[in-house]
Structure formats: structure tokens, C-alpha cells
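The values are calculated or read from the model by the stated rules, or taken from the named source; none is laboratory data. Treat the numbers as computed from the prediction; the structure is a model and nothing was measured. As a convention, Cβ positions derive from the backbone with ideal geometry for all residues, glycine included, and neighbour counts pool all protein chains shown. Calculation scope for accessible area: heavy atoms of the full protein, side chains included, ligands and nucleic acids excluded. Shrake-Rupley method; radii C 1.70, N 1.55, O 1.52, S 1.80 Å.
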Amino acid sequence: MAYKSGNGTDTTSAGNTKETTIKALISFPVRPENILMTQKQLVRNNIIFLICLLLIIFFYPALSKQRLLMRDIIFTAIIFSGTYSLDFSKKTRNILFISGIVTIFLTWIDYFFAKDILRLVSFLSFFSFNLFITVFMVRHIARSQQVTLTIIINSINGYLQIGILGALLLAIAEIAQKFFFHINAGAINFSGDAAAGFHDYLYFSFVTLTTLGYGDITPVSALAKSLTIVIAITGQLYLTILIAMLVGKYLSNPEKR
């Protein structure tokens, strides 16, 4: 029942109006359609990124002709898709875009001129770019409050990225040993393949990452052995910590339970 206060104000009507306004603010969050669109874009971009990673892992090694060309094309696709795989700030994305363009330029310069020093620089640039993406991806997973489709795809992409980073490290170690230390003996022993390619480093990296260990490829130099240990330990730590984080986030969300 409405009544007037001493100054003539209808306090009940004012209270009802205030309560209605609060309910409206709670019921209708700010620009929900934009939030939904952002999530859709992130899922789409991460799926594209996942496809590019799978191409370099599964499709590229199966090629026999134009293998180097396809590798550089997929590298270029990974750089572009990785730049938009996370919701980076404008400044961070601009830095990523510029570094990505530099990496693409170095990659294609190496393709046309095929020098050890160019390959070393392009691999270092590609490694740095992907390491940055992987670190931000893991941080995004750790800071997330819920286990969404984006987080799950991020987790898969992060694991595949570690395998690719391991392959790049092994390739860099092989080239650096020959270029800087003038050691003709390879850092890694590839049985039955005198001229090992990047697909061999990929194979060895993922076999080591998953601790499968066929033994057909073995590290020879001290640097290669150290890198092999790093890859193996990183793979186990990533899976252990990642599963613990995802399970903890899922159990802490009563709605999902």
C-alpha cells in the first residue's frame, strides 16, 4: 500500500521502481550477444589453428614431393591462425602480427635460397613465435573459470605445439652444431635416412613427448640428449598439470556437476 512521506514523496512507488531496475540489470547482462559471438569466434579460430597443426603433423610427413614447399605453406598458415587463436589485446596482436610477418619472410627466403644460416634464423624465429603462443595458451587455460569447448581445444593445441617446439629445437641443435662448431657428425642418429628432414624431427619429438620410445632414432650429442630429456619431461608435466587443472575447474563448477 502506497503512502506519502513527510515531504510528499511516494516511497512505495520509488522503492518498487528501484527494485525493478535492479532486477532488470541482473536479468539482462551487458551486450550478451557480443560475448556469445566472441566465444564462437574463439572456437572457430582455435579449430582452424588445430587443423593447421594436424596438417604439419600428419599430412606433411606423408608427402614425398614438394615437401619443403608444403612445410612452408603450413608454417605460414600456423602463424596466421595462431595470431587469432586467443583473445589478445590489440597491442599484443599487433606485435604478434609484425613478428609473424618477419617469420614468414624468413621462412620463404630460406625456401628460395636454402642456406644453413637462413634455415637456422627462420627456425629460431618460428620457435619464438610458437613459444609465445603456447605460453599464452597455457596461461589462458590456467586462468579460465570454466571448462568450455574453447579451453578443451586450447589444451589440445598446446600439447601439439609442444611437440612442434621440440622438433624445432632438435632441428636448431642439428644445424647449430654443424654451423657454429663445424661438427660433421649429426646430433641425432636417424637410421636408414642420411638426409633427415623436418618430418623426422617431428616424428622423434612426438615419440619422445609421449614417452613411446621406439629407439629407431637416438640422440648422439650431449645437446641433443639434453633436449630429448626436456621434451620428455615437458610432455609428462603438461598432461599431469593440465588434467589436474581441468578436473579442478569442472568440479568447482556446481552447474556443470
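The figures follow:
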read-out	value
Residue count for segment 161-194, restricted to those that are at pLDDT below 75 and either open to solvent by less than 20 Å² (accessible area, probe 1.4 Å) or of a type in the set (D, E, K, R) (or both)	1
Answer residue from segment 125-146, given it is in contact (Cβ under 8 Å) with a residue 40 or more places away in the chain and more than 14 Å from the chain's Cα centre (by Cα) and is surrounded by the most Cβ atoms within 10 Å (Cβ to Cβ) among those	S144
Given (1) part of a loop (DSSP other than H, G, I, E, B); (2) open to solvent by 80 Å² or more (accessible area, probe 1.4 Å); (3) closer than 24 Å to R44 by Cα, number of the condition K65 does not satisfy	(3)
Residue satisfying all of: in segment 81-124; open to solvent by 60 Å² or more (accessible area, probe 1.4 Å) and hydroxyl-bearing (S, T, Y); nearest to I172 (Cα to Cα) among these	Y111
